[in-house]
1. Here are the criteria: (1) assigned to a loop (DSSP other than H, G, I, E, B); (2) in contact with a Lys or Arg (Cβ under 6 Å, 6 or more places away or on another chain). Tell me which single one TYR227 does not satisfy.
2. Has segment 64-81 got at least one residue that is open to solvent by less than 40 Å² (accessible area, probe 1.4 Å), modelled with pLDDT under 95, within 15 Å of ALA225 (Cβ to Cβ) and outside any helix (DSSP H, G or I)?
3. Every residue in segment 230-255 that is in a helix (DSSP H, G or I) and without any contact (Cβ under 8 Å) to a residue 24 or more places away in the chain, please.
4. For residues that are polar (S, T, N, Q) and within 19 Å of the chain's Cα centre (by Cα), tally how many sit in segment 126-144.
5. Just checking, does segment 171-179 include any residue being buried (at least 23 other Cβ atoms within 10 Å of the Cβ) and over 24 Å from GLY274 (Cβ atoms)?
6. Can you pull out the residues in segment 143-190 that are in a loop (DSSP other than H, G, I, E, B), closer than 28 Å to ARG248 by Cβ and touching a residue at least 40 places away in the same chain (Cβ under 8 Å)?
7. Of the numbered conditions (1) of a type in the set (Val, Ile, Thr); (2) closer than 17 Å to LEU14 by Cβ; (3) open to solvent by 10 Å² or more (accessible area, probe 1.4 Å), VAL272 satisfies every one except a single condition; which is it?
8. Of everything in segment 189-212, what is open to solvent by 40 Å² or more (accessible area, probe 1.4 Å) and within 26 Å of PHE275 (Cβ to Cβ)? Give them in sequence order.
Amino acid sequence: MSAKRPAPPLPEPLAPLVDAHTHLDACGATDAASVAEMVDRAAAAGVGRVVTVADDLAAARWAVRAAHWDDRVYAAVALHPTRANALDDAARAEIEKLAADPRVVAVGETGLDYYWPGKLDGCADIETQIEGFRWHIDLAKRIGKPLMIHNREADHDLLTVLLDEGAPETVIFHCFSSDANMALSCVAEGYVLSFSGTASFKNAHELREAVRVVPDEQLLVETDAPYLTPHPYRGAPNEPYCLPYTVRAVAELRAQDPAELAEISTANARRVYGFAP
């Protein structure tokens, strides 16, 4: 993401849409007014609801507050796998309390990230990540909410931990970035796969093949804003209003009508997150 590139123009509206995973705080929202402004911009593009996601404790607190400020906003809370070394007893107690809030619709993002250890100062090692992932799986099962997964270069181990622990009833692979074989493995387990702007990147050949093999009822769409702005605006700041660009790219890969895919993905989001119609 580069501040030098201007923000993408408002796309032609596509409705109804749900941004299944975004980070409103990282997009620049700070208070109720700025959240409303950002969600109003999304609504103008047809994106009527967003799930804002935490990756550390401060972000988890903020996400829950944001979900109470605006009824179009819902929250997901967890410690990101790279921050699993901060999951002490106090953090566990607070995450557990936040996760029980009725505006929280998922435990996440949690999972495994094998890309950053050794590259990022303070990054949790793999053993610590696995321990944190197991705890979040257990939490999701205990409170009966979906598990939202971050997976980076950890396909085999991640599926192994899920199998070993026993997955919650609903598992969402946020920003799915693996190949068609991994997609089919997830589909066979009943997991839900969420696609972001990376699906529009012309060089993401294996991911684009994966997009094509996911059944309609196991597919979500997301921005992961402010990251992963869809083509042709890659590198520009991303926001939930940009979601129609990704949906049109995914629809083209799947040979579907974008309006139909919008309806399908929104129905899935309502079911997975327990939204009212």
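1. (2)
2. no
3. Narrowing segment 230-255 to residues in a helix (DSSP H, G or I): 240-253.
Answer for segment 230-255, where residues must be in a helix (DSSP H, G or I) and without any contact (Cβ under 8 Å) to a residue 24 or more places away in the chain: ALA251, GLU252.
4. First, the residues of segment 126-144 that are polar (S, T, N, Q): 128-129.
Within this subset, residues satisfying the condition of being within 19 Å of the chain's Cα centre (by Cα) are 129.
Number satisfying all stated conditions: 1.
5. Checking segment 171-179: not a single residue is buried (at least 23 other Cβ atoms within 10 Å of the Cβ) and over 24 Å from GLY274 (Cβ atoms).
6. The answer is PRO146, THR170, HIS174, CYS175.
7. If we test VAL272 against (1) of a type in the set (Val, Ile, Thr); (2) closer than 17 Å to LEU14 by Cβ; (3) open to solvent by 10 Å² or more (accessible area, probe 1.4 Å), just (2) comes out false.
8. Result: GLU189, GLY190.
The values are calculated or read from the model by the stated rules, or taken from the named source; none is laboratory data. Predicted model only: the values in this text are computed from it and were never measured. Cβ atoms come from the backbone with ideal geometry, glycine included; neighbour counts cover every protein chain shown. Heads up: the accessible areas ignore ligands, DNA and RNA and are worked out on the full protein's heavy atoms, side chains in. Shrake-Rupley method; radii C 1.70, N 1.55, O 1.52, S 1.80 Å.
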